[in-house]
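What follows is one structure encoded as structure tokens, with my remarks underneath.
Throughout, read-outs are computed from the coordinates displayed, never taken from laboratory work. None of the values given here were measured: they were computed from a predicted structure. Please note: Cβ atoms are built from the backbone with ideal geometry, for glycine as well, and neighbour counts cover all protein chains shown.
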Amino acid sequence: MRHIYKYVIALCLLATSLSGWSSAKDIPVKDFFKNPDYTSLQLSPNGKYLAILSPLRERRNIIIMEFAKDGSIGKPRAITGLADQDVAGYFWANNDDIVFTMDSDGRESFSLYKVNTKGKPKIVQLVAATAGSAGIRSANVVHTLPDDPDHILVQFNGRRIAAPDLYKLALDSHWDQRGNKNRKMDMIARNPGNVQSWLVDHDGDVRGAVSIDGLSGKFHYKEKGEEEFKVLREFNIHDEGMTPLAFDWDNKTLFVSSNIGRDRGAIYKFDPKANKLGDLVFEHDVVDVSNLMMSRHQQKVLGVSYIYEYPETVYFDEATKNMMASLQAAFPGKRVNLTSSTQDESVSIISVSDDNDPGKYYLFERDTNKVSFLLARMPWLKPELLSEMKPFKFTSRDGLLIHGYITIPKESDGKNLPLIVNPHGGPFGVRDSWGFNPEHQFFASRGYATIQVNYRGSGGFGRKFEQAGYGGKWGAEMQNDLTDAVKYLIKEKIVDPKRVCIYGASYGGYATMAGLTFTPDLYACGINYVGVTDVALLFESMPKHWEPMKEVMKVRIGDPDDDELMKRMSPLAHVDKIKAPLMIVQGANDPRVVKEHATELRDALEDRGIKLSDDEWIMKENEGHGFRKEENRIELYTKMEKFLAKHLK
């Protein structure tokens, strides 16, 4: 418990002392990658308690504190004491119960647990997840049912691995290990076999579903009180269409994100009874918009948020607009966001952060406009020592405008720098965005510039841009965008052409290997983190609950039955072209990019007489698609620091 009480002074709203580092290069590796002291602050619905994720026994656990009548906060109390896994996420189900999930050594089988905050904490398993040869059975919460404190709605694929059913789950229940079920888990929507997502209204009533068969989709809908669904829309997955977001507060009108008759998704109202797209709510001329800000207490839409070069918010509600403008004025140059509120919205938690500031939390009382400091996420990192992340853009060799971000070491002149190219994972529908990134701050502290490139295929820039990456573009046009970004920065004299490394995870790991095999003279080194090396193997080993998306993946990536295409795209088939030193990082339990991608690459290198050292080969038996455990992260980046210093200096 010593760690919990270490920062009680901060909880009493006193200033937290900072570390004494005078330069970013002096900051130890662990200070970038150990668990933050405090994250995920959440107020109980009645505002009596504050819950926090905080390290205990080197694992993220749930800590709660009680607010006194005078507004002061009582001593922190741990209500979970996990020693093997981290709490992955949690929420207040009511004023007394917290529902949470925990990591599963990377297997992505997320069980649901409940812990009561009254008296001596007791953890109860609500739904048991499993991972094995039959696939991954996992639960996730669809609706918290704020007006029903005794239940939540849960999606669970326990009956059929690729077809999750929807259940109403009583919180005063438990999973019966012997019977392999929760007897108070009532099915309210039975999956016919092809439904991939369910839509419920504000009362928790099931009103919609999206089904997928191959490349065809259907939007099913029923009016309140009706028993049977009817098909409102049929569509091809890759054609223009609309995505249901949420019901308006009348539980009749829907808000949807639609690109019908346009390239980029915008928010519209939709009348499901008339099956008609209604008024345009908001659009942007460069990026897709799909994120609504809704107030249950006020029963209105407050605004929308989106990401162009920076995160942006547009408020429709005048009172909210004025309130946020006042808060923003109190923290000039920072990003201010509401992250949690009481049920009546009288008290909120606000986060204040920046690209070079991991963030601080404040308590905001609306009636008095009082803002009080609570906690700093990583108080040992000084913003004045860290580097800016700036947007940049360039035109690809075939004329596409490509957006990205660059982080340049604060203590450099910004010229002739060693560079780390850090492509994002996904790749489709995912994008890089602006904000605090511990990896990039770590790289900058060691003197390296870092770029993130939203290459074609990335999400957020419209349907045409994403689909420009479909159909065998891995290792080709998508990779060209990364190459063109490097050449652009070399031309601008920002980057030293002899000191460029590529490092990425998942698809980013694939891009790393594609860079080393297809453009071997461009890179001085590469770090492949849980990356795809054999594209055919990606299809052969996909998790069983991904099966409904297989035809979609074939269109986006390429046909796995096309042996010539698979060989052309797969870096494993081109190992003989690698010239640069390579580091391989893998989690043995990875269900997405199975460990054979790494072991077969290592074996192929050894066949060529290249044996990786212990610092160049990291396989962790208790990790999956990315390292979650603090000690493994610190080991990884400690070895990465040595690898980069050896090959980029």
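Remarks
- Of the peptides 241-248, 179-186, the ranking by mean beta-carbon count within 10 Å, highest at the top, reads 241-248, 179-186.
- Computed over segment 171-303, the P(r) tail beyond 18 angstrom holds 61 percent of alpha carbon pairs.
- Charge dipole magnitude, Cβ of K and R +1, D and E -1 - segment 201-296, Cα centre, debye nearest 20: 80
- Per principal axis, descending, Cα span of segment 582-638 in whole Å: 34, 26, 14
- Quotient of C-alpha Rg and 2.2 N^0.38 Å, computed over segment 387-648: 0.95
- Considering every alpha-carbon pair of segment 534-649, the percent of pairs per 5 Å bin, from zero through the bin containing the longest distance, is 2, 10, 18, 18, 19, 16, 10, 6, 1, 0.
- Rounded D (µm²/s) - segment 367-420, Kirkwood Rh over Cα pairs, Stokes-Einstein at 4 °C, 1.567 mPa s: 85
- For segment 156-199, the Cα-based Rg and Dmax, in that order, read 11.2, 32 Å.
- The chain, relative contact order in percent, only Cα pairs under 8 angstrom and at least six apart counted: 10
- Simple Cβ-charge dipole of the chain, Lys/Arg +1 and Asp/Glu -1, about Cα centre, in debye nearest 20: 1180
- Residues 572, 516, arranged from fewest to most other Cβ atoms within 10 angstrom of their Cβ, appear as 572, 516.
- Lys, Arg +1 and Asp, Glu -1 on Cβ, resulting dipole of segment 387-648 about Cα centre, debye, nearest 20: 900
- Plainly put, segment 21-169 has a radius of gyration that is 1.04 times its Kirkwood radius, both from alpha-carbon atoms, as the Rg/Rh ratio.
- Volume per residue of the convex hull around the Cα atoms, evaluated for segment 22-75, comes out as 114 Å³.
- According to the Kirkwood relation over distinct C-alpha pairs, the hydrodynamic radius of segment 142-231 is 14.0 Å.
- The mean of 1/r over all distinct Cα pairs in segment 275-349, once inverted, gives the Kirkwood hydrodynamic radius of 14.0 Å.
- Projecting the Cα positions of 394, 304, 353 onto the charge dipole of segment 302-402 (unit charges on Cβ atoms of Lys, Arg, Asp and Glu, taken about the Cα centre) puts 394 furthest along the positive direction.
- Relative frequency of Cα-Cα separations exceeding 17 Å in segment 330-397, percent: 52
- Quotient of Cα Rg and 2.2 N^0.38 Å for the chain, N being how many residues it contains: 0.97
- Taking the C-alpha atoms of segment 341-458, convex hull volume expressed per residue in Å³: 151
- In this structure, the pairs whose alpha-carbon distance is over 26 Å, taken from 48/184; 218/276; 273/550; 382/493; 222/300; 34/577, are 48/184; 273/550; 382/493; 34/577.
- Relative contact order [Cα under 8 Å, 6+ residues apart], segment 387-648, whole percent: 16
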